[in-house]
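Read the structure below first, then the notes.
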Amino acid sequence: MFPSIKRVSPFTGFCRLLAATAIVAFGFAQASLRAENWPQFRGPDGAGVSPATNLPATWSATENIAWKVEMPGYGASSPVVFNDRIYVTSYSGYGLDEKKPGDQAELRRHLSCYKLDSGELEWTKTMEPKSPQKPYRQFVALHGYVSSTPAVDKTGIYVFYGASGAAAYSHSGELLWEADCGQGTHDFGTANSPVIFEDVVIINASVESGNLIGLDKKSGKEIWRQSDIRSSWNTPALVKAANGETEVAVNTKGKILAFDPRTGEKLWFCTAMDDYICPSLLAHDDVVYAIGSRKNSAIAVRAGGRGDVTETHKLWQLGKGSNVTSPVYYEGHLYWSSEGRGVVYCVDASNGEVVYEERLDPSPDRIYASPVVADGKIYYVSRNKGTYVVAAKPEFELLAHNTMEGDDSVFNGSPAIVGNRIILRSDRFLYCISKE
């Protein structure tokens with residue numbers, strides 16, 4: 001017996017072909033849309049990697065600058081891009097000069113929306129502080145009062161202002177909600193950026209309350225809270241375990257911790273760097289890579305475990321790292337920069353072996369921004385000495401060193417990359433860099 005065959009008329013077949021073609025085209029359009037967005041700190045998946053091509057390796061104040069705009073205030077956060085709009089935070093009124101910081105009562109934080117193509121300002125929304133801040137001096141003066149990068153999706157823009165809490169805005173600039181995450185402050189200031197998972201906005205409020213907090217994306221109401229988030233100045237990372245489940249991991253003093261992002265349930269921990277931690281975790285496949293602490297360490301841990309996984313899931317550990325900048329993964333290797341020594345690293349991600357350790361020349365002084373990779377290039381942005389472009393391969397090659405003549409502002413933010421554009425912010429200006 002042969003199976004019965006259901007005959008289809010030519011017209012019906014043609015309609016099905018059109019529908020299938022439309023679905024495929026829609027899928028490609030959606031993939032293209034995702035590729036054209038840089039929706040959170042370090043872009044899609046928080047990985048710092050873009051599929052963009054045709055990006056410039058060289059630029060200056062007069063070369064390959066599509067546009068430049070002055071922002072309404074200072075800041076160290078990174079820009080994000082969603083559907084041809086750039087969102088970036090800044091602050092004004094206080095903390096612009098360490099010798100004459102001004103009156104803290106005048107401090108204001110701003111969320112601004114710019115058109116990607118032209119840099120035209122569409123709107124700026126201003127928020128007053130909800131509680132006293134640390135004075136503008138020492139470490140706080142290195143980055144100011146806006147270091148947290150917004151997170152954005154089709155539902156809105158989500159910001160975190162430290163002791164002033166989290167907030168959500170619509171794409172037209174309407175304030176949707178505000179949420180208190182604690183009023184604690186620290187001499188280092190605050191820096192952690194929101195992460196969105198499904199209907200949850202995840203906030204690392206280590207400084208403010210010692211908690212990792214999950215907020216409802218629609219209302220801002222607290223869904224879950226986990227304590228013991230110690231000395232953690234880094235943004236949580238979403239990692240998909242081998243079983244297909246997504247976990248949220250955060251690096252804290254002494255331990256890497258992982259939770260269920262929907263419920264906050266504790267999943268696993270791994271003994272790690274016993275110091276304060278600034279670099280954010282990097283997730284690739286089902287492995288979490290951590291660097292950090294003043295001792296400069298690096299650790300790789302496989303996700304998906306339960307309880308203490310130090311002996312079972314830690315893959316390797318290395319006595320190299322960075323105290324501030326986060327790593328990036330590209331074609332089987334990890335890349336990062338040491339913030340104060342001007343040294344860049346390439347490490348084999350499979351075993352932790354150092355492939356190269358090279359000093360940038362001329363010296364970059366300090367690098368606080370995390371690197372991004374696109375178009376076969378790694379972009380390292382220094383605070384005061386320009387951007388270093390290094391080939392994204394396991395042999396060190398400095399391709400270019402780019403400075404903005406006449407701009408003495410400070411560059412702390414990591415670049416956003418969309419299409420053939422690099423969006424770069426200093427503490428005063430927002431640049432769109434693209435081949436002329």
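Quickly run through segment 278-297 and pick out the residues that are assigned to a strand (DSSP E or B) and over 19 Å from the mean Cα position of the chain (by Cα). Scanning segment 278-297 gives a single hit, 297.
Has segment 108-116 got at least one residue that is touching a residue at least 24 places away in the same chain (Cβ under 8 Å), farther than 23 Å from residue 388 by Cβ and exposed (fewer than 13 other Cβ atoms within 10 Å of the Cβ)? Checked segment 108-116: no residue is touching a residue at least 24 places away in the same chain (Cβ under 8 Å), farther than 23 Å from residue 388 by Cβ and exposed (fewer than 13 other Cβ atoms within 10 Å of the Cβ).
Taking the criterion of being charged (D, E, K, R) and either without any contact (Cβ under 8 Å) to a residue 24 or more places away in the chain or part of a loop (DSSP other than H, G, I, E, B) (or both), the residues of segment 303-323 that qualify are 306, 311, 320. Listed by position, the strands (runs of 3 or more DSSP E) inside segment 342-436 whose residues that are modelled with pLDDT under 95, surrounded by fewer than 17 Cβ atoms within 10 Å (Cβ to Cβ) and touching a strand residue (DSSP E or B) at 6+ places or on another chain (Cβ under 9 Å) number at least 3 form an empty set. Each residue in segment 232-257 was checked for being without any contact (Cβ under 8 Å) to a residue 60 or more places away in the chain and either among the β-branched types (Val, Ile, Thr) or more than 17 Å from residue 198 (Cβ to Cβ) (or both), and 12 of them qualify.
For segment 115-138, give me each residue that is closer than 23 Å to residue 160 by Cβ and not in a strand (DSSP E or B). The answer is 128, 129, 130, 131, 132, 133, 134, 135, 136, 137, 138. Among the residues of segment 262-284, is any at positive phi, in contact (Cβ under 8 Å) with a residue 24 or more places away in the chain and surrounded by fewer than 16 Cβ atoms within 10 Å (Cβ to Cβ)? No: segment 262-284 contains no residue that is at positive phi, in contact (Cβ under 8 Å) with a residue 24 or more places away in the chain and surrounded by fewer than 16 Cβ atoms within 10 Å (Cβ to Cβ). Cβ separations smaller than 6 Å between residues 6+ apart or across chains give no pair from segment 51-71 residues that are touching a residue at least 24 places away in the same chain (Cβ under 8 Å) to residues that are among the aliphatic types (A, V, I, L, M) and exposed (fewer than 13 other Cβ atoms within 10 Å of the Cβ).
The values are calculated or read from the model by the stated rules, or taken from the named source; none is laboratory data. Because the structure is a prediction, the values reported are computed rather than measured. We place every Cβ from the backbone using ideal geometry, glycine too, and count neighbours over all the protein chains shown.
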